[in-house]
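I have placed the structure first, in the form of structure tokens, so that the comments after it can refer back to it.
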Amino acid sequence: MRSKVDLQKIEQLMKALGREARGSGCIYFTGGASALLIGCDIDDVRAMYKQKLFTLEKLRDCFSAIEPELIRFPALDPDLLKNRVEEFIDCCENTSEREQ
């Protein structure tokens, strides 16, 4: 099982890579690592939704598609993530109804 990654571990890795590098290059972080690096949080997701970068229906569909595979990522709590996605959708739907 992989150990959990946090911002401090990512920064340590980046510093070590910087010390060892012999020239310029690119390092690409994906998934949770990139979210930690850029500070992705619920405010960012809300902003993306307001900019119409995704719909609530698409979010629901995409989450349903990945949900069975979440067990493969021990650092994630599938039930907590599902609850947060559902809470976000409910909040957006309720806000939309009040604005109409």
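Just a few scattered comments:
- Residues satisfying the stated conditions in the stretch 56-100, i.e. of a type in the set (A, V, I, L, M) and more than 17 Å from residue 44 (Cα to Cα): 65, 66, 70, 71, 75, 76, 80
- Residue 67 vs. criteria surrounded by 12 or more Cβ atoms within 10 Å (Cβ to Cβ) and either farther than 30 Å from residue 96 by Cα or modelled with pLDDT of 85 or more (or both): yes
- Test set (1) modelled with pLDDT of 90 or more; (2) assigned to a loop (DSSP other than H, G, I, E, B); (3) in contact with a helix residue (DSSP H, G or I) (Cβ under 8 Å, 6 or more places away or on another chain); (4) surrounded by fewer than 12 Cβ atoms within 10 Å (Cβ to Cβ) - residue 54 fails condition number: (4)
- For the stretch 1-37, the set of residues classified as within 14 Å of the chain's Cα centre (by Cα), modelled with pLDDT of 75 or more and part of a helix (DSSP H, G or I) consists of 7 only.
Yes/no matrix, rows are residues, columns are (1) exposed (fewer than 12 other Cβ atoms within 10 Å of the Cβ); (2) among the aromatic types (Phe, Trp, Tyr); (3) under 14 Å from the mean Cα position of the chain (by Cα); (4) part of a helix (DSSP H, G or I):
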{"site": "43", "(1), (2), (3), (4)": "yes, no, yes, yes"}
{"site": "58", "(1), (2), (3), (4)": "yes, no, no, yes"}
{"site": "88", "(1), (2), (3), (4)": "no, yes, yes, yes"}
{"site": "93", "(1), (2), (3), (4)": "yes, no, no, yes"}
{"site": "98", "(1), (2), (3), (4)": "yes, no, no, yes"}
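The values are calculated or read from the model by the stated rules, or taken from the named source; none is laboratory data. Since the model is a prediction, treat every value here as computed from it, not as a measurement. Methodologically, a virtual Cβ is constructed for each residue, glycine included, from the backbone with ideal geometry; neighbour enumeration extends over all protein chains shown.
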